[in-house]
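For reference, the structure discussed in these notes is given below.
The values are calculated or read from the model by the stated rules, or taken from the named source; none is laboratory data. Everything numeric in this text was worked out from a predicted model, so none of it was measured. Ideal geometry is used to build each Cβ from the backbone, glycine not excepted, and the neighbour counts take in all protein chains shown.
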Amino acid sequence: MSAKVVARLESQFGDRILAKSAFRGDEEVTIAPKDWVEVATFLRDDPACAMDHFGDLTAVDWPLREREGQPRFDLVLYVRSTEKRHRIRVKTKVRDGEQPKTLTTVWAGANWAEREIWDMFGIRFDGHKDMRRILLYEEFEGHPLRKDYPIDRAQPLVEYRDVENVTKLPPFGIEEGQPFTRIDWEERLAGHAEPVSPSIAVQTGVRRTLSDSEIAEAAAARVAQEPAADEPSENAS
Amino acid sequence: MGELKVLGGSQSDGFFTTKFEALLAWARKYSLFQYPFATACCGMEFMATAAPRYDIARFGAEAPRFSPRQSDVLWVVGTISQRQGPVLKRIYEQMTEPKWVVAFGTCASCGGFYDNYTTIPGCDKIIPVDVYIPGCPPRPEAVLDALMLLMEKIQKGNREPVTVPPREVPELAKRRAARGGKVQS
C-alpha cells in the first residue's frame, strides 16, 4: 500500500534509511534520531508522500536491549495521507536520557502525543514548548509504562483512611457479581530479585512462554470442563 | 420508626405519638437528595434506574442535586482514579450532615479489574461507604435493593457498611434447581 513511499524515502535518503520491513501491507522504515525531523518534514512536504495526517506517536520500552549496548526505547510514528490514501510507520531508537527533536514543528498534533510519551516513558522532546505530564499528576514519581516500574506501586494523592482493615473491605467473590479475581502479584513475582512485569520475566527466561500447541491444549481442557451450555439467556425468558 | 398511634377518636381530629428521632429518620429516608458522582460506564445503569422503567421516584429519591451542599446521598458511580481522589474527597467534605455514601459497582467498591497505578482500589479507601453494590455493572434491581438497604439503615441509625446480596432471576433459578444445579441462597 505504501511501498511507493518507502521507495521515495530510499531514493531521497539512501543509506540513512537503516532498515525497512513490511507486515501484511504495512510498511515500516527505521531511521536514526538525528534524521527524525528531516524525514518527517519530507514526508509532509513531498508531493508524492503528502502525509497530511498525523496519526500517532508512541514509544516502546525494551529494557533488555540496554544490556547489548542498544538504545532502550523505540519511538514509533504513524502518519498517513488523506489525499494519496497511503500510510507509513517510522521508527527510531533512542537511549534513556536522550532528547529527540520535537515533531510539533511538523505536525501540531504531535503536541499531546509527545507529552504522553514524557508522562509514560520519561522521554523528553527537545524544542517542545510545554513538556508537562498529561495524564498523571505532577506529584507522580517515575514513568509507569517503563517496564521496570514496580507493577504494584500506587502513588495515592489522598492518603488512605486510617481505619482498621481498610484494605480488607470488599473485594467481592465470584458469587457476589465479580466474575474475575484480583491478581496476587506477590505470588506471581515470587523468585524475582525485583518486582518487574511478567513480560520481562518471559524475556529473561525466568518464565516460559507457552507454545501454540500448549495454548490450544489448555483451551480444549477448559472447554471440556465447562458444563453444557443449555441455560437460556435472560432475554429469552 | 414503630407504629403511628392514632389517639383520641376519629382520624380527622386525632393526634399521634412517636419518637422525634424516628420521625426525623422517617422523613429523611423518604426524601433522599442524591449527588451522582458518575465517572464511568456504571453511569448508564444509574440513568436507567432513575428513568421511568425502574423509577427511583417511587422511593422519594428522584431528585439529583449537582451541588454537594444540597444532597444527602453521594453515589460514587464508576472507577475512581488516583487523580480524581482529591475531588471525590472534597465533594464528600462539602456535603452537609447527615450524609451517606453508596459505592455503585465493582470499581467504586474495590477497584474492579483496574489493579494498577492509576486506580483507587475502592472509594472506601478515602471516604466511608455505607452501601456497596457489586456488579459490573450492577442491574437496576440491585441498585433499588441498595436504596432500600440504605433506607433501612437510615431508619435504624446504623452506620455499619453493608453489601447488596446477590440475586438471581427467579425464572433462571427455578430452571437451575430443576436440573439439580447449585441453588444460591
Give just the number: which of (1) touching a helix residue (DSSP H, G or I) at 6+ places or on another chain (Cβ under 9 Å); (2) within 14 Å of another protein chain (Cβ to nearest Cβ); (3) surrounded by 16 or more Cβ atoms within 10 Å (Cβ to Cβ); (4) at pLDDT below 90 does A:Tyr149 not satisfy? (1)
Looking at the stretch B:134-161, I want the residues that are under 12 Å from B:Arg28 (Cβ atoms) and have a partner that is among the β-branched types (Val, Ile, Thr) with Cβ atoms under 9 Å, at least 6 apart or on another chain. Which pairs are those? B:Leu150/B:Val73; B:Leu150/B:Val102; B:Leu150/B:Val131; B:Leu150/B:Val162; B:Lys153/B:Val131; B:Lys153/B:Val162
Given the conditions (1) more than 22 Å from A:Gln155 (Cα to Cα); (2) crowded, with 23+ Cβ neighbours inside 10 Å; (3) within 11 Å of another protein chain (Cβ to nearest Cβ), which single one is not true for B:Arg139? (2)
In the stretch B:87-107, the residues that are modelled with pLDDT under 90 and within 14 Å of chain A (Cβ to nearest Cβ): B:Gly105, B:Thr106, B:Cys107
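Among the strands (runs of 3 or more DSSP E) confined wholly to the stretch B:1-86, which include 2 or more residues that are at pLDDT 90 or above?
Numbers: elements: B:5-7, B:15-17, B:34-38, B:73-77.
The strands (runs of 3 or more DSSP E) meeting that bar are B:34-38, B:73-77.
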Determine which single condition A:Arg133 fails, assuming it passes every other condition in (1) more than 16 Å from the chain's Cα centre (by Cα); (2) part of a helix (DSSP H, G or I). (2)
Kindly state which helices (runs of 4 or more DSSP H) lie completely within the stretch B:94-185 and contain at least 1 residues that are within 16 Å of the chain's Cα centre (by Cα). B:105-110, B:140-156
Within the stretch B:142-165, the residues that are over 23 Å from A:Val163 (Cα atoms), surrounded by fewer than 17 Cβ atoms within 10 Å (Cβ to Cβ) and either among the β-branched types (Val, Ile, Thr) or within 11 Å of another protein chain (Cβ to nearest Cβ) (or both) are B:Pro165
Suppose the filter is of a type in the set (S, T, N, Q) and buried (at least 21 other Cβ atoms within 10 Å of the Cβ); does B:Thr118 pass it? no
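Can you give me the number of residues within the stretch A:1-46 that are charged (D, E, K, R) and assigned to a helix (DSSP H, G or I)? Walk me through it before giving the result.
If we filter the stretch A:1-46 for residues that are charged (D, E, K, R), which is where we start, we get A:4, A:8, A:10, A:15-16, A:20, A:24, A:26-28, A:34-35, A:38, A:44-46.
Okay, now just the ones that are also assigned to a helix (DSSP H, G or I), so A:4, A:8, A:10, A:15-16, A:34-35, A:38, A:44-45.
Adding up the residues that qualify gives 10.
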